[in-house]
Each structure stands twice: as C-alpha cells, then as structure tokens.
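See below for the structure under consideration.
The values are calculated or read from the model by the stated rules, or taken from the named source; none is laboratory data. No experiment lies behind these values; they were computed from the predicted model shown. Every residue, glycine among them, receives a Cβ derived from its backbone with ideal geometry; neighbour counts consider all protein chains shown.
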Amino acid sequence: MKKVTIEIDEAGNVVIATAGFSGGECLKETADIERSLGVTTSDEKTPEFHKTLGAKQTVSAKA
Amino acid sequence: MSHVAKVTLKIKDLDALAEACRQCGLELVRGQRTYKWYGRSVGDYGADDLASRHGHAVTDWGKCEHAIRVQGNDRAYEIGVVRDTAGDLSLVYDNWMGGYGLEDKAGKGLDKLKQFYAATVGARMLLKKGYNVVRSVVNNNLVVTGTKA
C-alpha cells in the first residue's frame, strides 16, 4: 500500500513523508504536492529508496 | 518510508485559502482592497516579521488584493492578502491586542489559518491523485494521510 503523510505543525512547517513506493517513484508522486504547498527546503531519501534503485558494484582485480 | 521532504509554506491557492478561512470561522472576501487595522503606524513593533521588512511598505498598510475578516465580529481587525518581495501572496495584519479577536480564530501569527490552509491544499492534491484521505490531529499537528493500493 502506498502512503503519503503531510504533517503541519502549529508554526505552519510542513513535512511530507512517503512509504510503500519503489525507488524514485515517491519523488515523482509528491513533486507537485510540494510545489503546491510552497518551497522544498530539504529532502531525505530513506533506506527503502536506495534499496530499490539497485547498487552498482565495480570489482577490479590485479593479476 | 521512501523519502521525507520539508516544505516552507507559500500561499498560492485562493480557493484553498477560502476553505481554510471557513474552517477557522473566517471569511475570505475576494477583491476587497482594504483591510481593517489601527489606521496609522506608531512604530512600536520591530520584530523580524514586520510587514515592511517583507515587501509590504508602511505606506501600503491597509491596502491589499483580498481581505479576510472574522465572521460575526465587526470589531476585529482583518487580514490583508498582499504580495511579498518575491511576488508571492502573503498574509498581513495588525496584531495589537490580538487583532481584537482575529488571533482567536486565526491563531497567534495566523499560524492556525496557515496550518488549515496547508492541510486543505494537501488533502485536495491527494484526493485528485486518487488517494483515500484521512485528516487527524496529533500533538497539535494537523496530519493529512493519503493511502492507496
């Protein structure tokens, strides 16, 4: 299940969190929400984000 | 969790602002070009949020593009919807004595109105995207949660 949570504190600060998305899908999903609300000041990817993007490995061996 | 973003709120949607006003016991009067305040500056307020530091010159105090008033309280000061230095919409008001009832509805610093505005915008965006939306209050924070399969 995909989940988007928008939390607004008493000072009007907004935090948007997503869950259940694959890789960069979450960024696309909330981009227009963030723009509609104002200016994004920080954006932290979570372990789930990086896991589903896949990791590149380079292996070098010396003879 | 996939990502967490922090957003500085900007007022962009007048329809959402009107709805947030309604939820707070206020009324957005579109096209009202003046807002009620003391009427003249006495120079007794110097905080960072002073309107003249954010594009609303002292000579323009009392003028606005739209106004927000307190329903059922003609004595209360009003909120002016004006443009800031960046050309974005901004809310200004005379906070002397809490605006004589204005802050009771809109919150100190208009924080409650801004909170409701952001929640309205967020909920509308999520509904448009096909989410099931639930609104709740957690530790005085408004939380809008959207879920879909």
Item to check | Matching option when the condition is more than 14 Å from chain A (Cβ to nearest Cβ) and either surrounded by fewer than 16 Cβ atoms within 10 Å (Cβ to Cβ) or in contact with a Phe, Trp or Tyr (Cβ under 9 Å, 6 or more places away or on another chain) (or both), among B:Asp104, B:Asp74 | outcome: B:Asp74
Checklist outcome for this item: Per the filter on the stretch B:71-111, residues at pLDDT 95 or above and acidic (Asp, Glu) are B:Glu78, B:Glu103, B:Asp104
